[in-house]
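Remarks on the structure that follows.
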Amino acid sequence: MKHIDTFIKEELNPQQQKAVIHENGSVLVIAGAGSGKTRVITARIAHLIANKKVDPNSIIALTFTNKAAGEMKERVASFLDEDTKIPFIGTFHSYCLLLLRKNPKIAPFENFSILDEEDQRTIVKKIIKYHGLEKQIPIPQAVSQISNLKNKLAFSFDEKNFIKPVIRDIYTAYEVERKAARSLDFDDLLLETLKLFFQNSDFKKKFQSKINHILVDEYQDTNLVQHELLKQMTLGNDNKSKSICAVGDEDQSIYSWRGAVVANMLKFDEDFAPVTKIKIEQNYRSVIPILEAANEIIKNNKLRNKKNLWSTRKAKNRILSLSNKSEYQEADNITQFINTLPKSKRNSIAILYRTHFQSRIIEEALTSRGIPYKIIGGIQFYQRKEIKDIIAYLRLIANPFDRVSFFRILNIPSRGIGNKFENIIVEEWEKHPNLNALEFLNTLIEEQSNELTTRRIEALKSFLDVFYGLDKSKSTSFLIKIILEKTAYVGYLKDSYEEQESEAKIENIRELQQSVSYYENSSSNENTKTLENFLHSISLMQEHSDKPKEKSIPPVLLMTLHAAKGLEFDTVIISGLEEGIFPSSRSLNNNESLEEERRLFYVGITRAKERLIISHALGRNTFGQFNEQTASRFLDEIPFNLIQEVNASFLHSSQTSQMFNQWLGTKNQEKEIIFFGTIPSKVKTKAVNKTKFLKEAKKMTNLNNLSNGPWKSNQIVSHKKFGSGIIKKVEKKDGNDYYITAIFKSGIKKLLSSYLKRV
């Protein structure tokens with residue numbers, strides 16, 4: 001057992017100490033990424049019990065996950081004697097449930113059940129079906145809207161909170177059904193507890209007389225109800241708080257889609273006044289250049305408390321920015337970098353991306369190079385349900401005897417074919433073993449037309465209709481297009497999942513189509529573009545990726561930026577930094593959404609301890625066409641002196657390997673690779689001169705010498721801010737003006753020709 005005084009004195013910095021020993025009242029601890037916030041909140045609890053002799057029963061600590069609560073309990077216990085009681089440390093929902101159970105006389109019901117998500121779906125499904133609303137709103141969307149409404153309606157039963165009248169009707173019917181069953185859903189646990197404080201002054205007075213210290217972790221993730229609940233718990237009649245300690249970082253608020261309100265931290269000063277603010281800015285995770293880049297990026301946000309992360313971990317040249325010709329070269333360069341690292345240095349690498357569909361190309365590149373990987377918070381691309389569904393349709397076209405694929409998709413999307421009917425099909429098929437699936441269904445309809453109901457016959461015919469006119473001689477891209485159209489599969493996804501999840505699944509389908517399109521266009525040999533070859537290539541790739549790898553080689557971790565929150569790695573690679581991908585297209589016209597995207601980038605950067613690679617593609621393949629991409633605006637927010645910018649689009653594989661070795665300082669290279677930024681200190685290189693830069697940039701420029709007045713591709717130009725560059729594309733605007741896309745040292749820019757001079 002560590003003595004708490006020794007720990008505070010020897011292992012906490014001055015700002016952390018200040019947060020731990022702060023006395024009563026409201027305190028807001030603004031704890032930057034990697035600053036040790038958990039040790040602060042747990043040391044504060046131990047300090048109150050061991051040094052201030054506070055009754056553990058008068059302390060509660062609230063967080064958002066059972067895992068976080070478990071870790072906090074362990075840390076607090078390590079400071080205290082074995083017989084010392086541990087105060088309540090748990091989630092908001094678990095504590096509210098405890099209060100409702102302890103106060104049955106004033107709770108909505110003396111005995112009640114808790115509805116989980118599946119229970120909610122069952123009730124909503126029943127309501128939608130009873131009122132014939134199936135075509136008006138999907139069940140998952142209705143459940144999600146009910147949850148959102150409960151957070152809003154806690155403060156105002158305003159008609160404006162209802163997106164559609166049908167939502168109001170479903171909500172009202174749901175509440176009637178829920179109350180009749182004497183049940184509470186997870187949102188109700190918070191809302192009904194809040195009502196106890198609002199409606200019962202004796203309960204509130206008794207609670208506040210007993211609970212003297214409330215500590216809240218990850219305050220940036222609180223929603224409106226949780227924020228109001230904490231006000232009711234802590235603010236007395238004089239509107240002052242006994243003791244509330246909120247720890248969080250609004251720069252890491254990335255869950256607005258789950259109801260988190262970043263403004264809660266910004267309003268804390270006003271709502272819990274007077275407030276002592278303590279900033280913990282020393283970072284124990286990352287080297288200085290990474291923190292400096294993170295600081296420069298996040299300062300562009302307005303919804304934040306200003307702070308400046310710093311560290312004693314000195315380093316140079318730790319951020320590499322890669323420009324790649326395409327998403328395929330991006331994935332290949334990422335895997336080449338990993339192979340450049342010694343095996344002993346591969347134990348802590350994470351590849352982060354904005355959305356799940358981006359993993360497909362990276363997975364294929366890793367597999368082709370034999371690099372083991374593991375997806376965190378998701379599953380491998382070709383193992384995702386929606387992908388396996390479409391692949392099953394393709395497999396059945398290629399091999400109509402494939403019973404596994406047949407039974408997978410027979411009722412997807414739903415055709416009303418239940419388990420009983422499936423069993424009948426299995427039994428009847430055994431009588432016709434030489435018939436393939438499609439032949440058998442036709443035979444079944446003919447032979448048992450009198451025994452089968454009209455509904456079952458229609459279901460079988462709708463399935464057969466999908467395959468009418470389709471065979472393996474058709475192109476795979478055509479087959480997928482027709483399958484999606486005939487099954488209305490995208491509509492099925494929208495109807496079956498909440499909006500965000502359905503969008504992710506639809507993106508995966510589009511990525512599958514892109515994969516097929518690239519497969520078909522990457523070879524001039526028509527014999528290799530067949531459906532069977534495509535399916536075989538998928539199977540071989542999966543077989544290879546599923547093989548056990550050397551135990552001595554740890555897997556590279558793949559995950560979305562959201563999934564990376566709370567984690568840390570020696571090396572972080574962030575891919576797809578392009579407008580419309582990161583930041584996402586949905587955020588481009590909304591400042592609040594754009595700020596959340598920037599916070600997400602900030603979270604990604606601050607996961608890196610030693611090295612950071614940020615990567616983007618100059619173009620992406622979309623259904624057979626190569627489209628230019630604009631580099632993310634976030635890249636321009638990193639000062640030039642903090643990064644090494646490499647245009648890898650014109651580098652050969654051997655040159656790329658040399659460049660990575662040069663950046664890592666692992667080998668002496670005979671040939672020099674140009675870095676458009678600071679130069680690695682261990683490598684002797686010449687200064688980047690204008691002539692050499694333009695010569696290299698010219699190699700990556702697509703020739704399109706169209707007649708555009710005085711402006712031509714590959715022409716050298718200069719700009720007042722960006723310096724010398726080379727024209728990549730010319731587009732006519734009006735009059736004598738043109739849109740010019742040019743390559744500068746700082747990246748690709750699209751500008752009006754009136755702002756450029758020809759050199």
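The values are calculated or read from the model by the stated rules, or taken from the named source; none is laboratory data. Keep in mind that this is a model prediction, so the values were computed, not measured. Using ideal geometry, Cβ is built from the backbone for each residue, glycine included, and neighbour counts are taken over all protein chains shown. Ligands, DNA and RNA are stripped out before the accessible areas are found, and what is left, the full protein with its side chains, is counted by its heavy atoms. Shrake-Rupley method; radii C 1.70, N 1.55, O 1.52, S 1.80 Å.
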Just for strands (runs of 3 or more DSSP E) wholly inside the range 592-656: which have at least 1 residues that are open to solvent by less than 40 Å² (accessible area, probe 1.4 Å)?
608-617, 619-622, 644-647
Does the range 2-10 include one or more residues that are part of a helix (DSSP H, G or I), in contact (Cβ under 8 Å) with a residue 24 or more places away in the chain, of a type in the set (D, E, K, R) and farther than 30 Å from ALA294 by Cβ?
yes
Scanning the range 110-150 residue by residue, those in a loop (DSSP other than H, G, I, E, B) and not β-branched (Val, Ile, Thr) turn out to be GLU110, ASN111, PHE112, ASP116, HIS131, GLY132, LEU133, GLU134, LYS135, GLN136, PRO138
Note on ASN66: of the conditions (1) open to solvent by 10 Å² or more (accessible area, probe 1.4 Å); (2) at pLDDT 95 or above; (3) closer than 20 Å to LYS85 by Cα, unmet is (2)
Hey, does the range 482-500 have a residue that's buried (at least 20 other Cβ atoms within 10 Å of the Cβ) and at pLDDT below 90?
yes
Consider the range 99-132. How many of its residues are crowded, with 16+ Cβ neighbours inside 10 Å, among the β-branched types (Val, Ile, Thr) and out of contact with any strand residue (DSSP E or B) (no Cβ under 8 Å at 6 or more places or on another chain)?
3
Failed item, numbered, when VAL29 is tested on (1) assigned to a helix (DSSP H, G or I); (2) open to solvent by less than 20 Å² (accessible area, probe 1.4 Å)
(1)
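Please go through the range 208-222 and give me each residue that is open to solvent by less than 20 Å² (accessible area, probe 1.4 Å) and closer than 27 Å to LYS307 by Cα, ordered by number. Show your work before the answer.
The initial filter retains those residues of the range 208-222 that are open to solvent by less than 20 Å² (accessible area, probe 1.4 Å), namely 211, 213-217, 219-220, 222.
Passing the criteria: HIS213, ILE214, LEU215, VAL216, ASP217, TYR219, GLN220, THR222.
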Considering every residue within the range 146-156, establish whether at least one is among the aliphatic types (A, V, I, L, M), surrounded by fewer than 18 Cβ atoms within 10 Å (Cβ to Cβ) and in contact (Cβ under 8 Å) with a residue 12 or more places away in the chain.
no
Would it be correct to say that SER344 is farther than 26 Å from PRO639 by Cα, surrounded by fewer than 22 Cβ atoms within 10 Å (Cβ to Cβ) and without any contact (Cβ under 8 Å) to a residue 12 or more places away in the chain?
yes
Within the range 36-54, can you find the residues that are of a type in the set (D, E, K, R) and either open to solvent by less than 40 Å² (accessible area, probe 1.4 Å) or part of a helix (DSSP H, G or I) (or both)?
LYS37, ARG39, ARG44
Which numbered condition PHE401 fails, given (1) under 29 Å from LYS494 (Cα atoms); (2) open to solvent by 70 Å² or more (accessible area, probe 1.4 Å)
(1)
Give the residue that is least open to solvent (accessible area, probe 1.4 Å), with candidates limited to residues of the range 241-286 that are in contact (Cβ under 8 Å) with a residue 60 or more places away in the chain and among the basic types (Lys, Arg).
ARG285
Restricting to the range 480-532, name every residue that is touching a Ser or Thr at 6+ places or on another chain (Cβ under 6 Å) and either closer than 22 Å to GLU117 by Cβ or among the polar types (S, T, N, Q) (or both).
LEU493, LYS494, GLU498, SER517
Output the residues belonging to the range 573-587 that are of a type in the set (S, T, N, Q), open to solvent by 10 Å² or more (accessible area, probe 1.4 Å) and touching a residue at least 40 places away in the same chain (Cβ under 8 Å).
SER584
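Within the range 288-301, does at least one residue satisfy the condition of being part of a loop (DSSP other than H, G, I, E, B), closer than 18 Å to ASP217 by Cα and touching a residue at least 40 places away in the same chain (Cβ under 8 Å)?
So far as the range 288-301 goes, no, none of its residues is part of a loop (DSSP other than H, G, I, E, B), closer than 18 Å to ASP217 by Cα and touching a residue at least 40 places away in the same chain (Cβ under 8 Å).
Per-residue answers, yes or no, for (1) of a type in the set (Asp, Glu); (2) part of a helix (DSSP H, G or I):
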{"residue": "LEU184", "(1), (2)": "no, no"}
{"residue": "ASP188", "(1), (2)": "yes, yes"}
{"residue": "THR193", "(1), (2)": "no, yes"}
{"residue": "LEU196", "(1), (2)": "no, yes"}
{"residue": "ASP202", "(1), (2)": "yes, yes"}
{"residue": "LYS205", "(1), (2)": "no, yes"}
{"residue": "GLN208", "(1), (2)": "no, yes"}
{"residue": "ILE214", "(1), (2)": "no, no"}
Among the candidates LEU444, LEU460, residue that is open to solvent by less than 80 Å² (accessible area, probe 1.4 Å), free of Cβ contacts under 8 Å to residues at least 60 places away in the same chain and in contact with an Asp or Glu (Cβ under 7 Å, 6 or more places away or on another chain):
LEU444
Does at least one position in the range 198-211 carry a residue that is within 30 Å of VAL29 (Cα to Cα), under 36 Å from the mean Cα position of the chain (by Cα) and not aromatic (Phe, Trp, Tyr)?
no
Top-ranked residue in the range 216-226 [being in a helix (DSSP H, G or I) and in contact with a Phe, Trp or Tyr (Cβ under 8 Å, 6 or more places away or on another chain); ranked as nearest to ARG599 (Cα to Cα)]:
ASP221
The range 79-93 - residue that is under 34 Å from the mean Cα position of the chain (by Cα) and part of a helix (DSSP H, G or I) and, of those, surrounded by the fewest Cβ atoms within 10 Å (Cβ to Cβ):
HIS93
Does the range 414-453 hold any residues that are outside any loop (DSSP other than H, G, I, E, B), polar (S, T, N, Q) and at pLDDT 90 or above, and which are they?
ASN442, THR443
Breaking point among (1) at pLDDT below 90; (2) farther than 27 Å from ILE338 by Cβ; (3) assigned to a helix (DSSP H, G or I), for TYR518
(2)
Give the number of residues within the range 347-359 that are crowded, with 18+ Cβ neighbours inside 10 Å and either over 19 Å from LEU561 (Cα atoms) or in contact with a Leu (Cβ under 8 Å, 6 or more places away or on another chain) (or both).
7
Somewhere in the range 562-572, is a residue modelled with pLDDT of 90 or more, of a type in the set (A, V, I, L, M, F, W, C) and open to solvent by 40 Å² or more (accessible area, probe 1.4 Å)?
yes
Collect the residues in the range 713-728 that are modelled with pLDDT of 80 or more and crowded, with 18+ Cβ neighbours inside 10 Å, keeping them in residue-number order.
VAL717, ILE727
